[in-house]
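The values are calculated or read from the model by the stated rules, or taken from the named source; none is laboratory data. In this text, all values refer to a predicted model and were calculated from it rather than measured experimentally. Cβ coordinates were reconstructed from backbone atoms using ideal geometry, including for glycine residues, and neighbour counts include every protein chain displayed. To get the accessible areas, we keep the full protein, side chains included, count just its heavy atoms, and leave off ligands, DNA and RNA. Shrake-Rupley method; radii C 1.70, N 1.55, O 1.52, S 1.80 Å.
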Amino acid sequence: MTLRRTFATLLVSGVSALALAGLTAGTAAAADPVATIPDLTGQSSSVRLDPGFTDALTQLEVTPGTIGDATLADGSVKFPITGGNVTVYEPGTVNPYVQGRIEHDGSGLSLTKGETKVELTDFVIDPGNPATLSGKVSAGGQTIAESAVLFDLDGSTLQPISTDAAAGTATLTGTTVRLSQTAATALNQAFGTDAIQGGLTVGVATIVVNLPGQMPAMPAGGVETGGGSTSGPSPVLLTAGVVALVAAGGVGFAARRRAGARH
């Protein structure tokens, strides 16, 4: 019952976040987007698991596993992208100026100790402020929360974007994935320990998405993203910039900081 109450708190927090997002979306309607990917299709989000995270699980005798279409190989867990969308606005016109979601239905991560098994599935990446990864939580075969914030995403470690025009893909790596405090508390109660800490680095994320065929041109002097820019005539560079913004909320902060430095 304690575990269920803890995750119920997570669920209430998620509902509040959705209400706030609805207010933000209403503000966005007053501004015109500069780029939109209405339907994300295919490719994957993966996390190279940090040794500190895997060592902690080993010490606690908790075994990680995969659910559904997820795979775990060579120290990385991968979740197929099943849908989502992203819209980018002129910085300063709405907050956050990158909005959308990246969906991973039908896959997830399991954590098992003895007869206790916690399942985290159907991940959704939200590039808002702050950027988070939420998902469905189940324990003992019962759904505890349909959507709860599980991980915090730190884009300050983002690397430059890479694109493959021939393959029609863009790849972004470097976003640090950290366990949320509320998720850490719930897992501690599930496994009867106090050793799992909020802010624990889970790993570093890599996101690969299919590029759409055509994208509108960004205005000159668009938002810089890592080692590249979303300005200029190239659809590939433009889309890569959009992907970068969607995958790491820290990019927005870096862009605003650079913009402030120019004034």
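Note on the range 37-56: among residues that are aliphatic (A, V, I, L, M) and modelled with pLDDT under 95, the one that is most open to solvent (accessible area, probe 1.4 Å) is 56.
Taken together, 137, 202, 118 contain a single residue that is under 13 Å from the mean Cα position of the chain (by Cα) and part of a strand (DSSP E or B), which is 202.
Of the numbered conditions (1) modelled with pLDDT of 90 or more; (2) open to solvent by less than 60 Å² (accessible area, probe 1.4 Å), residue 105 fails exactly one; give the number of that condition. Only one criterion in (1) modelled with pLDDT of 90 or more; (2) open to solvent by less than 60 Å² (accessible area, probe 1.4 Å) is unmet by residue 105, namely (2).
Pairs needed: first member in the range 42-56, touching a residue at least 12 places away in the same chain (Cβ under 8 Å) and over 13 Å from residue 74 (Cα atoms); second member anywhere, part of a strand (DSSP E or B) and hydroxyl-bearing (Ser, Thr, Tyr); C-beta distance under 8 Å; at least 6 residues apart or different chains. These pairs meet every condition: 43/169; 45/206; 52/201; 53/201.
Residue 88 meets each of the listed conditions (1) modelled with pLDDT under 85; (2) open to solvent by 40 Å² or more (accessible area, probe 1.4 Å) apart from (2).
Does the range 97-114 include one or more residues that are part of a loop (DSSP other than H, G, I, E, B), more than 21 Å from residue 176 (Cβ to Cβ) and within 18 Å of the chain's Cα centre (by Cα)?
First, the residues of the range 97-114 that are part of a loop (DSSP other than H, G, I, E, B): 97, 114.
Still in the list and also more than 21 Å from residue 176 (Cβ to Cβ): 97, 114.
If we keep only those that are within 18 Å of the chain's Cα centre (by Cα) too, we end up with 97.
Within the range 97-114 (the criterion being part of a loop (DSSP other than H, G, I, E, B), more than 21 Å from residue 176 (Cβ to Cβ) and within 18 Å of the chain's Cα centre (by Cα)), the answer is yes, since at least one residue qualifies.
Any residue at all in the range 91-98 that is open to solvent by 20 Å² or more (accessible area, probe 1.4 Å), in contact with an Asp or Glu (Cβ under 8 Å, 6 or more places away or on another chain) and either closer than 17 Å to residue 205 by Cβ or at pLDDT below 95 (or both)? Step through it out loud before you land on a result.
Kept after step one, since they are open to solvent by 20 Å² or more (accessible area, probe 1.4 Å), are these residues of the range 91-98: 91-93, 95-96.
Add one more test, that the residue is in contact with an Asp or Glu (Cβ under 8 Å, 6 or more places away or on another chain), and what stays is none.
No, the range 91-98 contains no residue that is open to solvent by 20 Å² or more (accessible area, probe 1.4 Å), in contact with an Asp or Glu (Cβ under 8 Å, 6 or more places away or on another chain) and either closer than 17 Å to residue 205 by Cβ or at pLDDT below 95 (or both).
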